[in-house]
Each structure stands twice: as structure tokens, then as C-alpha cells.
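**Student:** Sharing a structure below in C-alpha cells format, with a few things to ask.
The values are calculated or read from the model by the stated rules, or taken from the named source; none is laboratory data. Just so it is clear, the model here is predicted, and its values are computed rather than measured. Because the Cβ atoms are built from the backbone with ideal geometry, glycine has one as well, and the counts that use them run over all protein chains shown.
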């Protein structure tokens, strides 16, 4: 799914009876009258699309720093010959990025840490945080955006205000790294905050639980009727 692809409109929905935001629905049957809408892309595609979302922010923030302080400090920071400590800091920041996702979901939903897992997708070289239980769209969005705010925007603005090249590079790196999260927020741009979502277990994005359209219901009933008739034969 590309940024230009049309997305189905999602109406305001409430949590269906028998399904709680404290319970997992992965692998479970969808409650009657509801259906899952997939709002996700593959991790490989997300790694490409993230550039589309992250690059403008990086250019704006970087441009503000260069306009105020010049580019010489950034060049010196990049070519100063000290690479071990920056690499350690970046690795710690990557771990913190995923930790912030999980901690924010924990705080905003009250879910136990046992339903939040962390890992690394080696095929696409993508670290991830995953919640195995459903939640409302608002806390899901908050969890998606917090690494961008805490590791990207805030350090970048601090560096711009104080003229700190190392902090600026840190902020720019993690603003760019949050491009996948920006993509997810865009995929959910028309989803009501009270809609129930399930973090996708293998892709970037989630499922949205929505009220089933009447035509879809009728089609499903017809398919079930035909299936019963074939069994009776």
C-alpha cells in the first residue's frame, strides 16, 4: 500500500459486546457484526515508505540548525574520528525506541508487560515492539508517536536552541528512524480514537475492528447457506 492508495472509510465504532480492550483477539473469531480491516504494510515496504514520511522532517530540522549555527559543527562531529561512543549511543537509542513503544502502551492501557514483546526481524533488519492484545486507537497512536517526540523532535529542538552538533545528529537520526511510525499514523489517519485496533504480529500497522456492512453480512449469510446446502446434499 503506497501513500497514494485509497483507504476504506472507517466509521465511529464502539467495542463489541464480549470483546474487551483488555483481551486478546489474535487468532480468535471476529464477533458477529464486525470485521477486521487490515491497515498494514510489509516490513520491507515500510522501510522504503518511511523515507517518504521522515525525510521532510529531517530536512526542516537540519535546515533550522544549519541556518542558526552553520554546517561546520555537524561536519566536524561526523568526521572527528570518534566512532565507538556514537555507535554505542545509537544502539542504546534504538533499544530505547522500541522500549518507549511498549512502555507507552503499558501506561496508556494498563496492560501487563507480559503481553508486550520485543524482537528483531532479521530479514528486513527491523527491530520491533508488539502488543498481543487489542487496544483503542488513541493509546495505539500515542505509543506510535512517542519515540519520535522523545528521541527525535525534543533532542533536535534542544540542539537547535543550544547549538549542540552531537545532539542534533542524534535527533535527526531518530527522527528519520521514526519514519515507519509516521507511516503507521498515516495509515490510521481516518480511524476514530475509540475504534478497537490490533497490532499486526508480522507487519507494520494493525487491524481495525469495524462494523460489518450490510452487503457484506448478506453475502456472508448467503455463503453460509450455500455451505449448509452442500453439506445436506
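**Student:** Restricting to region 153-174, give me the number of residues that are surrounded by 22 or more Cβ atoms within 10 Å (Cβ to Cβ) and at positive phi.
**Tutor:** Number satisfying all stated conditions: 0.
**Student:** Answer yes or no: is there a residue in region 170-183 that is modelled with pLDDT of 90 or more and out of contact with any helix residue (DSSP H, G or I) (no Cβ under 9 Å at 6 or more places or on another chain).
**Tutor:** No: region 170-183 contains no residue that is modelled with pLDDT of 90 or more and out of contact with any helix residue (DSSP H, G or I) (no Cβ under 9 Å at 6 or more places or on another chain).
**Student:** Examine region 173-182 for a residue that is part of a helix (DSSP H, G or I) and over 21 Å from residue 91 (Cβ atoms), and state whether such a residue exists.
**Tutor:** Yes: region 173-182 contains one or more residues that are part of a helix (DSSP H, G or I) and over 21 Å from residue 91 (Cβ atoms).
**Student:** Okay, moving on. Scanning for something under 14 Å from the mean Cα position of the chain (by Cα), in contact (Cβ under 8 Å) with a residue 60 or more places away in the chain and buried (at least 16 other Cβ atoms within 10 Å of the Cβ), does region 139-146 turn up at least one residue?
**Tutor:** yes
**Student:** Residues that are surrounded by 17 or more Cβ atoms within 10 Å (Cβ to Cβ), modelled with pLDDT of 90 or more and more than 19 Å from the chain's Cα centre (by Cα): find the helices (runs of 4 or more DSSP H) completely inside region 8-124 holding 3 or more of those.
**Tutor:** Numbers: elements: 43-69, 72-79, 84-109.
Here the list reads 43-69.
**Student:** Find the residue count for region 55-76, including only residues that are touching a residue at least 24 places away in the same chain (Cβ under 8 Å) and within 19 Å of residue 154 (Cβ to Cβ).
**Tutor:** 9
**Student:** Only one of (1) modelled with pLDDT of 95 or more; (2) over 30 Å from residue 76 (Cβ atoms); (3) surrounded by fewer than 20 Cβ atoms within 10 Å (Cβ to Cβ) fails for residue 201. Which number is that?
**Tutor:** Checking residue 201 against (1) modelled with pLDDT of 95 or more; (2) over 30 Å from residue 76 (Cβ atoms); (3) surrounded by fewer than 20 Cβ atoms within 10 Å (Cβ to Cβ), the one that fails is (1).
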